[in-house]
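Encoded as structure tokens, the structure appears first; notes follow it.
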Amino acid sequence: MSAKWSNYSLPLRLAAGLCIALRTVLTAYAEPVTLSAISQVPSDTIQYLLPKKMTRDTASLANERYRHTLERINRFWTSLTPNQVKIQYAGDMGLVSIGPGWHYGHDRRVWETDLMFGYLPAYHTHHSKLILTLRQTYAPFRVRLGDNVNIDPLATGLYLTTIFSDQFWAKEPDKYPKKYYGFSTKIRANVFLGQRLRYEIPQMKRMQHKAVIFYYDVSTNDLYLASCATNKYISLWDILVFDVGLSFEFY
Amino acid sequence: MKFASLQVLLLLCLGLLSGCDKFEYHPYDAHISGSQGLTARNIEQIQSQCAGKDTLRVAQISDTQRWYDETQALVDAINARGDVDFVIHCGDQSDFGLTKEFEWQRDIMAGFKMPWVCIIGNHDCLGTGEDVYHAMYGSDDFAFNASFLHVVCLNTVAFEYDHSANVPDFTFIRSDRDSLLATDSLVLTNTIVAMHAAPGNEQFDNNISDFFNYSLRKYRGLLFCLCGHDHHTTTLYPYGDDLPFYMVASANRKTYILYTITRNSYEREVVQL
């Protein structure tokens with residue numbers, strides 16, 4: 001069982017690691033967060049800007065080099081904190097999926113990485129299932145509609161889903177001759193195109209979020225594409241999957 | 001107040017969306033749209049439409065997985081003959097076990113002007129495919145009577161079950177044979193048996209092959225067996241030359257086999273479009 005699990009999780013872990021690394025690099029280059037103003041303020045103020053754990057020893061913050069190190073560490077971990085949460089209906093990720101995400105890059109939101117946890121009811125099977133999705137989005141364009149409203153006319157990307165149930169395998173079990181089926185029932189790759197409507201909450205009205213985004217996507221997966229490509233009977237419309245969702249940006 | 005009305009609107013929208021099958025939850029979600037329980041419905045039609053006939057014409061197709069255009073061509077060709085009483089699909093209608101694949105194949109075969117039954121194949125067991133098969137068609141072992149002919153359809157893809165299920169199910173075979181004891185042996189004279197994987201195949205549980213032979217031969221007037229799986233048209237004799245297993249090619253070869261069956265005899269015609 002443990003050997004099986006490591007088979008399933010390795011590609012997903014690698015992908016997650018890659019995305020987080022990519023995000024860190026992109027964030028660092030695209031928009032370095034500067035806390036340079038902090039070095040100007042007295043050390044007893046800094047303890048409010050740095051996490052409590054780091055600043056218990058207030059006197060040591062007078063040491064500028066040490067303080068900069070703490071700031072750098074703080075900056076690094078802050079950059080890894082999710083800054084948005086999405087809730088989505090449908091889209092091959094479950095009936096409803098929810099999960100943290102990161103927006104980053106130019107304009108702080110050209111790129112998005114989301115980790116979604118989806119719930120799939122049992123329907124005609126014996127039990128409901130959990131679906132885990134890693135989703136990468138690229139939305140290069142903005143159209144301003146008003147003071148606080150704009151539209152992203154094109155969002156595109158891909159996502160990998162993995163479904164948790166003993167009915168599925170990522171790699172064919174050893175009992176089969178090599179390439180007996182030649183695909184994974186557990187891992188699906190989807191490509192998507194979509195659009196979003198973003199509402200930026202006026203500064204004084206913000207309670208938890210900076211902005212709310214409504215989005216929809218049209219997607220399809222690898223196995224549907226394989227079915228469509230080899231048959232006239234299956235049209236492009238037959239293999240399209242829709243989803244709608246809300247994204248809440250914290251900052 | 002404003003927030004509450006927004007919530008109501010949102011719920012209303014979700015309600016509308018969930019009615020649209022374009023909002024799919026997962027390719028293996030087993031969330032079936034359209035007709036279900038098809039085996040029972042088709043068996044009922046076969047039993048009523050074939051009652052009293054002296055000659056039966058049965059078409060055999062198999063392995064239609066991901067060959068939708070070709071399956072459609074086979075349906076059209078079998079319909080065009082106008083003389084086929086019912087069709088037996090020997091399994092593997094899906095390639096990946098996806099819920100949509102079952103729906104697409106079902107919608108094509110719904111075009112048959114005569115009743116049709118589908119047996120479960122190994123590809124149909126992938127992912128949640130087996131659950132979808134059960135909901136859409138029914139039990140994977142079933143039998144019915146068409147006038148003088150008893151037709152037995154069996155799940156034989158034991159390789160997919162790791163000995164965790166009775167495949168083939170001898171309890172079913174015995175109780176089916178027992179139910180025949182109550183019928184008139186002058187009216188119900190013959191039997192044919194259909195399955196996906198024939199004995200000797202890697203999918204078959206070959207350890208019980210001899211007992212399978214013994215169990216089948218106890219059927220009244222056993223004529224022949226039908227199978228698929230190996231994607232070509234051939235005749236196998238795993239138990240001697242008095243019991244042929246007729247295999248039909250996969251749908252990409254656009255082949256079906258027509259059996260014209262009368263009491264204690266039959267003719268076999270391979271038709272390639």
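Observations on the model:
- The range B:119-273: radius of gyration over Cα atoms, expressed as a fraction of 2.2 N^0.38 Å: 1.03
- Fully extended contour minus Cα-Cα distance, from A:VAL218 to A:ARG108, at 0.36 nm per residue: 37.2 nm
- Restriction of the trypsin sites (Lys or Arg not before Pro) in the range A:100-190 to DSSP coil positions whose beta-carbon has at most 16 other beta-carbons within 10 angstrom yields A:ARG142, A:LYS171, A:LYS175, A:LYS178, A:LYS179.
- Here the simple spin-label model places points 7 Å from the Cα toward Cβ, and for A:PHE250 and B:TYR161 these points are separated by 5.1 nm.
- Order by protection proxy (mean Cβ within 10 Å, highest first), peptides A:206-218, B:93-105: B:93-105, A:206-218
- From most to least packed by mean Cβ count within 10 Å, the peptides B:27-39, B:72-84 give B:27-39, B:72-84.
- Neighbouring partner chain Cβ atoms per residue of A:92-100, average, 10 Å criterion: 2
- Amide H to amide H distances under 5 Å link B:GLY91 with B:ASP63, B:ILE119, where only residues 5 or more positions off or on other chains count and H is placed in the peptide plane.
- Restricting the range A:57-155 to chymotrypsin sites (Phe, Trp or Tyr not before Pro) in coil, as DSSP defines it, with at most 14 other Cβ within 10 Å: A:PHE141
- Of B:THR191, B:THR262, B:THR71, the one that fluctuates the most in a GNM where chain B has Cα springs shorter than 10 Å: B:THR262
- Using R0 = 45 Å, the C-beta based FRET efficiency linking A:MET204 and A:SER235 works out to 0.35.
- Additional length obtainable on full extension of the chain from B:ASP178 to B:ASP69, 0.36 nm per residue less Cα span: 35.1 nm
- Of A:LYS129/A:LYS186; A:LYS86/A:LYS210; A:LYS86/B:LYS100; A:LYS232/B:LYS100, pairs whose Cα-Cα distance is over 19 Å: A:LYS86/B:LYS100
- The distance linking the range A:122-142 with the range A:149-202 is 7 Å (Cα centroid to Cα centroid, whole angstrom).
- log10 of Debye I(q)/I(0), alpha-carbon scatterers only, for the range A:129-248 at 0.12 Å⁻¹: -0.62
- Percent antiparallel among DSSP beta bridges (both partners in the range B:37-272, rounded to 5): 50
- Estimated FRET transfer efficiency (B:LEU273, B:ARG217; beta-carbon r; R0 25 Å; 0.05): 0.10
- Ellipticity estimate at 222 nm from DSSP helix runs (n ≥ 4, -39,500 (n - 2.57)) divided over the protein assembly as shown, nearest 500: -9000 deg cm²/dmol
- Residue-wise HN-Hα couplings along the range A:91-97, as the Karplus relation 6.51 cos²θ - 1.76 cosθ + 1.60 with θ = phi - 60° gives them from phi, are x, 6, 10, x, 4, 10, 10 Hz; Gly and Pro carry x.
- Sites B:GLN45 and A:ILE98, calculated FRET efficiency, Cβ-Cβ separation with R0 35 Å, nearest 0.05: 0.15
We did not get these values from a lab; they are worked out from the coordinates using the rules stated. Note that this is a predicted model, so its numbers are computed, not measured. All Cβ positions, even for glycine, are placed from backbone atoms using ideal geometry, and neighbour counts span all protein chains on display.
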